[in-house]
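Notes follow the structure.
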Amino acid sequence: MHPTIDNHSRSAQLFAAARRYIPGGVNSPVRAFRGVGGEPFFVQRAAGAHIWDADGRELIDYVGTWGPAILGHAPAVVIDAVRAAAERGLSFGIPNPDEVEMARLICDWVPSIQKVRLVNSGTEATMSAVRLARGFTQRERVVKFEGCYHGHVDSLLVKAGSGALTHGQPDSAGVPAALAELTSTLPFNDAAAARALFAERGREIAAVILEPIPANAGLYFARPGFLEGLRELCTQHGALLIFDEVMTGFRVARGGAQELYGITPDLTCLGKVIGGGLPVGAFGGRAEIMDALSPDGPVYQAGTLSGNPLAMAAGLAQLRELERTDGWKKLEALGAKFEAGVREVLKKTRRDFVFHRVGSMFCLFFTGGEIFNLADAQRSDRAAFARFFHACLAGGVYFAPSQFEAGFLSTAHSEADLEKTAEIAARALGA
Ligand code: HOZ
């Protein structure tokens with residue numbers, strides 16, 4: 001049995017019950033701990049940078065509900081906004097004023113987005129963006145990158161990252177071969193391969209979709225010129241460039257990764273931070289493209305709960321609070337402090353590591369050398385990662401239960417949290 005859980009714990013009992021009624025006992029595969037072994041714990045409540053499991057154990061949390069909790073868990077400003085919105089009604093299926101406010105804010109903060117449609121998840125955002133790109137360009141081929149994950153969209157579950165990678169199924173059963181055939185995959189950071197694909201099939205390509213900062217196969221970065229090259233190729237060949245900023249949007253900078261890199265995509269997918277922890281997604285871009293959506297255009301896309309008033313209220317409150325408190329500056333300072341602590345610890349170990357960070361997102365690979373794509377990331381020693389994960393968890397620090405996920409800091413992480421984490425990590429690594 002793994003050290004995480006004992007058979008009599010409340011979490012163990014809940015997991016046994018969950019397995020009876022829910023496939024694998026979880027509602028999203030990465031939660032099942034298969035990437036690290038053992039069984040997941042169940043969370044009872046969360047506040048700030050901390051979570052409490054069903055057995056009352058307190059943990060410092062670096063998952064932050066996979067990104068949305070940028071102010072930490074349950075910040076008063078978001079809870080108050082949600083409470084007030086709930087009292088006005090949970091869902092209308094009729095346009096509501098906060099949808100307009102959210103759309104205005106997104107368009108103001110992300111200049112490449114002139115119009116935006118709100119949906120309920122990142123998966124919906126990428127699925128709809130791909131359909132829109134196909135409808136707008138009247139082409140069918142989509143290009144994605146190995147290890148990039150864009151939710152569980154049929155066309156994009158080809159060589160995918162995140163849970164798909166953790167569970168050894170980057171190509172899902174149930175995706176028709178005929179559909180997968182319309183998806184071309186390329187290694188990330190391979191500009192020559194992208195040029196070659198466009199030279200051969202440029203006229204078929206509706207869109208290139210990517211995480212401008214891939215964060216679902218660990219975390220790595222574009223080489224200088226790579227994103228610019230893709231922008232140029234798409235423009236030259238009449239394909240749309242789609243940035244999946246579900247994780248990086250409003251997190252790595254107010255205007256997302258596209259602001260950091262100075263690249264203008266045609267379409268952008270958003271989620272996570274813009275919902276403040278409630279289910280939300282969005283996709284937007286140039287007005288002429290977005291106007292191809294129904295009811296103005298021929299590309300159908302819809303949703304009963306889209307623009308849900310609670311999600312809008314939560315997202316607006318969180319984004320405004322980030323802006324009001326100079327949140328991105330705070331997160332960078334915190335990230336730098338966290339990184340300094342980690343590097344101190346790593347120096348004391350006798351093995352090779354690669355530590356990547358951008359703002360409040362980070363990843364520690366258990367290998368040396370450089371990491372620029374999925375193949376590099378897969379060199380990481382996953383067994384060593386799993387041992388590290390469980391030692392940290394036993395010490396009271398919760399990192400994502402997979403080598404192939406990013407970690408997240410929030411403005412609620414304190415210096416004491418970072419110090420305790422460094423201590424526990426040092427012990428876990430035998431430093
Ligand atoms: N990497 C995923 C989010 N981008 C993890 C969340 C999940 O699959 O449940």
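The values are calculated or read from the model by the stated rules, or taken from the named source; none is laboratory data. Every value quoted in this text rests on a predicted model; they were computed, and no experiment measured them. Note that each Cβ is placed from the backbone with ideal geometry, even for glycine, and that neighbours are counted across all protein chains shown. For accessibility, only protein heavy atoms count, side chains too; no ligands or nucleic acids. Shrake-Rupley method; radii C 1.70, N 1.55, O 1.52, S 1.80 Å.
For (1) touching a helix residue (DSSP H, G or I) at 6+ places or on another chain (Cβ under 9 Å); (2) over 26 Å from residue 358 (Cβ atoms); (3) modelled with pLDDT under 95, each residue gets a yes or a no:
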site: 114; (1), (2), (3): yes, yes, no
site: 119; (1), (2), (3): yes, no, no
site: 132; (1), (2), (3): yes, yes, no
site: 173; (1), (2), (3): no, yes, yes
site: 186; (1), (2), (3): yes, no, no
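Do we have residue 355 as under 17 Å from residue 422 (Cα atoms), open to solvent by 10 Å² or more (accessible area, probe 1.4 Å), touching a Lys or Arg at 6+ places or on another chain (Cβ under 8 Å) and touching a residue at least 40 places away in the same chain (Cβ under 8 Å) here?
No, not satisfied.
Per-residue answers, yes or no, for (1) small (Gly, Ala, Ser); (2) more than 16 Å from the ligand (Cβ to nearest atom):
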site	(1), (2)
104	no, yes
113	no, yes
126	no, no
132	no, yes
143	no, yes
163	yes, no
173	yes, yes
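Can you report the number of residues in the range 145-156 which are within 13 Å of the ligand (Cβ to nearest atom), open to solvent by 30 Å² or more (accessible area, probe 1.4 Å) and within 21 Å of residue 300 (Cβ to Cβ)?
Residues in the range 145-156 being within 13 Å of the ligand (Cβ to nearest atom), open to solvent by 30 Å² or more (accessible area, probe 1.4 Å) and within 21 Å of residue 300 (Cβ to Cβ): 1 in total.
Within the range 242-262, restricting attention to residues that are open to solvent by less than 10 Å² (accessible area, probe 1.4 Å) and among the β-branched types (Val, Ile, Thr), which residue is farthest from residue 361 (Cα to Cα)?
242
Is it fair to say residue 50 is closer than 24 Å to residue 411 by Cα, out of contact with any Cys (no Cβ under 7 Å at 6 or more places or on another chain) and open to solvent by 20 Å² or more (accessible area, probe 1.4 Å)?
When the stated conditions are applied, residue 50 passes them.
Can you find a residue that is in contact (Cβ under 8 Å) with a residue 12 or more places away in the chain, of a type in the set (Phe, Trp, Tyr) and away from the ligand (no atom under 16 Å from the Cβ) anywhere in the range 198-214?
yes
Got a sec? Which of 319, 230 is closer than 27 Å to residue 362 by Cβ and more than 19 Å from the chain's Cα centre (by Cα)?
One residue alone meets the criteria, 230.
Any idea which of (1) within 19 Å of residue 244 (Cβ to Cβ); (2) at pLDDT below 95; (3) more than 16 Å from the ligand (Cβ to nearest atom); (4) open to solvent by 50 Å² or more (accessible area, probe 1.4 Å) is the one residue 159 doesn't satisfy?
Status for residue 159: all satisfied but (3).
If you go through the range 209-232 one residue at a time, do you hit one that is part of a loop (DSSP other than H, G, I, E, B) and acidic (Asp, Glu)?
Yes, the range 209-232 has at least one match.
For the range 367-397, enumerate the residues that are open to solvent by less than 30 Å² (accessible area, probe 1.4 Å) and within 29 Å of residue 55 (Cβ to Cβ).
Across the range 367-397, the qualifying residues are 384, 385, 386, 388, 389, 390, 392, 393, 395, 396, 397.
If I filter the range 390-408 down to residues being of a type in the set (A, V, I, L, M) and within 16 Å of the ligand (Cβ to nearest atom), which single residue comes out as nearest to the chain's Cα centre (by Cα)?
Step by step, filter the range 390-408, then rank; the result is 406.
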